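Quick notes on the structure that follows.
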Amino acid sequence: MNFKEIASRIVESDSLDFGSIFSKSIELFKQVWVQGFVIVLLTFVIMIPFYILMYIPLIIAGVTDPEMLRSEEISPEVIIPMAVIMPIVFLGIMAVGLMLNAAFLRICKIKDLNLSESDNYFHYFKKEYVSKTVILALMALGLMLLGVLACGIGVFYMVVPISLFPAFLAFDKELSAKEILKSSFSLGNKNWLVIFGLIIVMGIIAELGVLLCFVGILFTAMLAKIPVYYMYKDAIGFNPET
């Protein structure tokens, strides 16, 4: 679908139903919890190099000057490179998260509609998606920064459209990063309270996995992402050929 068609569907759509999305998300989770677990593990594994990258200046300094590590103060020669690298690391982590979340939503669609497609966890790591995802990650970081500057209250508002980014990335290949941003705000503003409520409630339920010897959260974490699939499906839907 192109941007105009999506915008039209959002305007014409009914308001999202909290109870319906909640119950459907729980049911779908029973089918995709294994894939969700794999996504969580992949997220940890792929993000390790980014964290190593951030601490490279400290590691190098520790090797060349071991005495520095015993000191209570870190020299500017270490702090400055780390400060430069940190935004790049955050951008990379955000981009990886978006691509993996988009892959999970695609898997949700496959299971929900009983499609004969493979669970490709790296479907959105292709060249055609990477540049768009990096721009989206940059936009998300910028929006969160704006939210923080607005006395922190703006973060609560921004979390709704940002949470919809993976859905438009997953299901609307034709959209540019800018159009995904506009579509996310359009759908988010129309159903802000319902979406925010689902994010909070499902997030809390997903965190209950920590009660299972803490390891359980690895299996339940992706439950919080499933409602986004139904937010998109119920408001916009899929074309028969997609």
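Here, each number is a calculation from the coordinates, and none is a lab measurement. Remember, it's a predicted structure, so these values are computed and weren't measured experimentally. In this analysis, Cβ positions are derived from the backbone assuming ideal geometry, glycine residues included, and neighbour counts consider all displayed protein chains.
Figures for the structure shown
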| read-out | value |
| --- | --- |
| Label point distance in nm, F238-E5, each placed 7 Å from Cα along Cα→Cβ | 1.5 |
| Gained length - A150 relative to I26, 0.36 nm times residue gap less alpha-carbon distance | 41.2 nm |
| Sum of side-chain charges, L164 neighbourhood, beta-carbon under 13 Å (Lys, Arg +1; Asp, Glu -1) | +1 |
| Along the chain, longest interval not containing exposed chymotrypsin sites (Phe, Trp or Tyr not before Pro), exposed being DSSP loop plus at most 16 other Cβ atoms within 10 Å | 1-121 |
| Prolate/oblate/rounded call for segment 176-239, Cα gyration tensor, a/c under 1.5 rounded | prolate |
| Neighbour-limited loop hits for GluC sites (Glu not before Pro), segment 131-218 (at most 12 other Cβ within 10 Å; DSSP other than H, G, I, E, B) | E174 |
| Distance (nanometres) between label positions extended 7 Å along Cα→Cβ at L193 and L218 | 4.0 |
| About the Cα centre, charge dipole magnitude for segment 108-242 (Lys/Arg +1, Asp/Glu -1 at Cβ), debye | 240 |
| Sites M82 and L208 - FRET efficiency at Förster radius 35 Å, r taken between beta-carbons, to 0.05 | 0.45 |
| Förster-model FRET efficiency, 25 Å R0, L113 and L138, C-beta, rounded to 0.05 | 0.20 |
| Lys/Arg +1, Asp/Glu -1 at C-beta; the chain dipole; positive extreme among F168, G152, P87 | F168 |
| Fluctuation leader among M222, M86, M158 - the chain, Gaussian network, Cα springs under 10 angstrom | M86 |
| Cα-centred dipole magnitude for the chain, charges only on beta-carbon of K, R (+1) and D, E (-1), debye, nearest 20 | 500 |
| Eligible lysines near K127 by straight Cα distance, threshold 28 Å, same-chain separation 8 or greater | K4, K109, K111, K173, K178, K182, K225, K233 |
| Percent of alpha-carbon pairs separated by more than 35 Å within the chain | 19 |
